[in-house]
Amino acid sequence: LKLMPDYDSIAASYDELHGEEQLNKLLIIKKNIRIGKKIRILDVGCGTGISSDFDCFVVGIDPSFRLLKYNNHLKIMGVAEKLPLKDNSFDYAISITSIHNFSNIAQSIDEMKRVGKKNFVFSVLKKSRKFDIIRQAIENNFKIKEEIEEEKDMIYLCYKT
């Protein structure tokens with residue numbers, strides 16, 4: 001499986017390069033969703049774990065072994081297109097600025113929908129050439145409760161209908 005771009009090569013400096021921007025998105029998301037201690041979150045494309053920093057049970061999944069080495073949260077090495085998890089096992093499935101890197105957008109959305117019970121958060125890079133495809137896939141699979149425009153991303157708070 002080829003990572004796009006090669007996150008293994010920038011793993012050591014990822015947080016330095018993207019940490020502040022990822023933390024900003026995380027703060028926006030935390031302000032807009034309700035998270036209690038008993039909530040279970042799946043963070044798809046979790047990388048170094050910045051986006052996994054919630055005060056509840058969180059599991060991250062990412063295909064980059066090197067990024068995961070910097071992740072201090074519970075994590076699994078794997079891909080969004082084939083999540084090794086049970087149906088409806090998470091209260092939230094989130095993906096923060098990673099969906100444009102997935103090899104199959106539709107399949108990854110189907111998988112997140114399968115393992116998520118009801119609530120979903122997608123932060124999508126506005127300048128991605130796949131932006132329209134991703135937005136359409138989100139609209140086709142979920143009810144968008146709120147759209148929040150961030151500097152580089154559109155954040156979609158969604159639920160299963």
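Please treat every number below as a calculation from the coordinates, not as lab data. It should be emphasised that the depicted structure is a prediction, and the values quoted were computed from it without experimental measurement. Heads up, the Cβs are rebuilt from the backbone with ideal geometry, glycines too, and the neighbour counts pull from every protein chain shown.
Odds and ends about this structure:
- Under the Debye formula (equal points on every Cα, no solvent term), log10 I(q)/I(0) of the chain at q = 0.14, 0.15, 0.16 Å⁻¹: -0.62, -0.73, -0.84
- Burial order of peptide ranges 137-148, 115-126 (average beta-carbon count within 10 Å, highest first): 115-126, 137-148
- Under the combined filter of DSSP loop state and at most 11 neighbouring Cβ atoms within 10 Å, region 29-80 retains these trypsin sites (Lys or Arg not before Pro): ARG34, LYS37, LYS38.
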